[in-house]
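Q: Next up is a structure, given as structure tokens.
Computed from the coordinates by the stated procedures, all read-outs in this text should not be read as laboratory data. Because the structure is a prediction, the values reported are computed rather than measured. Cβ coordinates were reconstructed from backbone atoms using ideal geometry, including for glycine residues, and neighbour counts include every protein chain displayed.
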Amino acid sequence: MRAFCLAACLVLFGTVLTSAASLPSSKAAAQVNTVTTCGAFGSNPCTNTDNSGRWLPVMSTQIKTSNVTDLFAGVSLVTGIYTSTTVKGNTTGATSTAVAEGTVRVRALLDPSSLQCQTDCTSYRTLPDLNHGVVFDQRIQTLSANLGFIFTGQCAADPTTCTLTPEQITLVLDTSAAHAFNFLLPNVGVGTHTLVIQAQISTENTSVMSNINGGVSESNALFGLGSLTVDAVRLVNSFNCTTDSSGATTCGT
């Protein structure tokens, strides 16, 4: 599928391709996603109006298990982050700060209520993230500068005794990425199961810093081509998972 670039900040998400046979496998299953575009603006379905993320279906496949077994799901995805920060001087000499942030998260859901499900999608908890999602890409960029009003009135009155305050610019980048991840689904039970891979992009600011004194920021996150492989196996593991009465799952050694 041909991709059209609508703007510099576009979000790419996958459309599900169904296999020709369209029958669930009893041993393994695979899926890929092609590239379409989705503008990362407040009115689009990729993000909420406050720039927080929405879970979007990327890939989906079925697998049939004839006995109680485990599933091993490997997900790979092309992701990217765009951030831009601008600061400017002012007449008071106050520090100007701009913060831009972008995040891509991915999760695997077993037999969810719908492909577009956002919360309480399934009672089954995928390991190790327990359906909360794994960060595939994240960047927090902070730019701070102290510009302008450096040449004070004292210097104009007596240049020989004045002290000039040096201008200062600070850039902080915090980036993390995991473009491939293996999800574990122990004891899925007998039957035909649907595994849905969802991705979430977010450009909301979650840091303690914010835009002040004229700071301007812009950010975007994207995901594109990806693949999913699912194997039915019996895993030997050293952890045990329990679910309490509230539905919370805890895993430990």
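Q: Note the full-extension length gain between T122 and S66 as 0.36 nm times their separation in residues minus their Cα-Cα distance, in nm to one decimal.
A: Taking 0.36 nm per residue and subtracting the Cα distance, the gain is 18.0 nm.
Q: Just subtract the alpha-carbon distance of V135 and A177 from 0.36 nm times their residue separation and send over the number in nm, one decimal.
A: Working: separation 42, 0.36 × 42 = 15.12 nm, distance 0.69 nm.
Taking V135 through A177 to full extension adds about 14.4 nm, to one decimal.
Q: Can you compute the charge dipole magnitude of the range 52-123 about its Cα centre, using +1 on each Lys and Arg Cβ and -1 on each Asp and Glu Cβ, nothing else charged? Give it in debye, rounded to the nearest 20.
A: I would put it at about 200 debye.
Q: Then there is this: In nm, what is the difference between 0.36 nm times the number of residues separating A30 and L225 and their Cα-Cα distance?
A: On the way: separation 195, 0.36 × 195 = 70.20 nm, distance 1.40 nm.
Between A30 and L225, full extension yields 68.8 nm more.
Q: Same structure again: Picking from N90, Q141, Q118, whose Cα lies most toward the positive end of the charge dipole for the range 52-156 (charges on Cβ: Lys, Arg +1; Asp, Glu -1)?
A: N90
Q: Now a separate question. Which FRET efficiency value, to the nearest 0.05, do you get for C162 and E218 by plugging their Cβ-Cβ distance into 1/(1 + (r/R0)^6) with R0 = 35 Å?
A: Using R0 = 35 Å, I get an efficiency of 0.35.
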